[in-house]
1. What does the charge add up to near Ala26, with Lys and Arg as +1, Asp and Glu as -1, over the other residues with Cβ less than 9 Å from its Cβ?
2. Thr60: net charge of surrounding residues, Cβ under 15 Å, Lys/Arg +1, Asp/Glu -1, itself excluded?
3. Which of the chymotrypsin sites (Phe, Trp or Tyr not before Pro) across the stretch 186-275 are loop residues per DSSP, with 14 or fewer other Cβ within 10 Å?
4. Which one of His115, His124, His151 has the biggest mean-square fluctuation once the chain is modelled by GNM with Cα springs under 10 Å?
5. Assign unit charges at the C-beta atoms only (+1 for Lys and Arg, -1 for Asp and Glu), then state the dipole size of the chain relative to its Cα centre in Debye, rounded to the nearest 20.
6. From a point 7 Å beyond the Cα of Arg259 in the direction of its Cβ, which residues of the stretch 158-179 have a backbone N at a distance under 11 Å?
7. Given a Förster radius of 35 Å and the C-beta distance between Glu201 and Asp164 as r, what FRET efficiency does 1/(1 + (r/R0)^6) yield to the nearest 0.05?
8. Magnitude of the Cβ-charge dipole of the stretch 155-310, K/R +1 and D/E -1, about the Cα centre, nearest 20 debye?
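None of the figures in this text is laboratory data; all of them are computed from the coordinates on show. Only a predicted model underlies this, so the values are computations on that prediction, with no experimental measurement involved. Positions of Cβ are generated from backbone atoms using ideal geometry, with glycine treated the same way; all protein chains shown enter the neighbour counts.
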Amino acid sequence: MSAPEVLVLRALGLGDLLTAVPALRALRRAHFDVRITLAAPEWLAELVGDIGAVDRLLTTDGLDEPLRWRARPPDLAVNLHGHGPQSTALLRELEPQRLITFDRDSWREQEHEVHRWCRLLSEHGIPADPTDLRLPKPWCPAPVRGAVVVHIGASHGSRRWPVDRFAELARWLPGHVVLTGSLPERPRAKEVAELAGLPPERVLAGHTSLAELAPLVATARLVVCGDTGVAHLATAYGTPSVVLFGPVSPELWGPPPERPEHLALWAGISSDTFADTPAPGLLRISVDEVLDAARRLLPGKGSLAWARSG
């Protein structure tokens with residue numbers, strides 16, 4: 001007789017996967033004798049195995065196509081994707097024996113993403129610990145160890161701090177500063193490097209797969225980034241981080257406030273997440289504020305490297 005099947009839908013990005021780690025582990029603890037399949041993008045496979053809760057990845061890119069489920073109907077389907085009718089319908093089409101999902105009445109807009117999914121499971125009799133976010137250190141070698149990682153990208157323009165500010169920041173940060181981002185963001189990273197006077201080899205944007213980015217972040221002295229997946233990667237590895245929030249409050253997507261190694265900067269102004277230009281609140285965050293936060297997390301406050309007083 002085959003093992004019971006649990007199917008979890010979370011067909012989103014890096015940060016979305018990492019904020020679902022406590023919920024996935026809660027499912028594993030509650031159903032240790034089942035096969036748990038996660039429906040998520042294939043490029044996340046490098047990290048899925050490190051969660052320690054998923055047996056199989058079902059490659060799924062978004063909600064536009066039916067899930068390529070080839071087994072008998074799941075014994076349990078869990079919607080960790082959202083509360084809209086489309087994600088729920090995809091799971092219902094598989095005729096699971098039981099479905100755990102939010103509806104309009106149980107969904108809370110103003111709720112941290114980690115706590116949201118832990119609450120969903122807890123309300124269905126599956127206790128979840130929202131602090132259970134850590135991942136084991138990657139076994140792959142890092143492109144650079146002990147770097148100061150400045151991630152210049154984000155999914156939307158509203159979350160991208162201006163190039164000139166990233167450049168000024170990179171110019172004053174101590175240590176081996178490297179610039180990361182996606183391949184489309186490589187020209188932006190090169191512009192930051194040129195303005196900051198960094199050599200071209202410090203631009204790693206577009207040249208690091210997830211398997212390389214993970215150990216880079218895990219071994220970094222510091223990560224500075226916007227509200228994006230790399231911030232959650234720093235949280236997962238306990239790497240000190242300064243995270244710049246623009247349109248969305250860190251109370252919804254920020255690092256755990258009880259962890260002093262992660263500092264979230266926010267001007268208190270909410271705006272359109274999907275805007276093409278930097279959020280008004282993000283523009284309120286100055287280079288000096290970011291440097292002050294970095295000083296709190298990096299050693300050497302009195303060194304020449306921290307000559308800029310702010």
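1. That works out to +1.
2. -2
3. Answer in residue order: Phe274.
4. His124
5. 760 debye
6. From the stretch 158-179, the list is empty.
7. My answer for the efficiency is 0.95.
8. So the dipole magnitude of the stretch 155-310 works out to roughly 340 debye.
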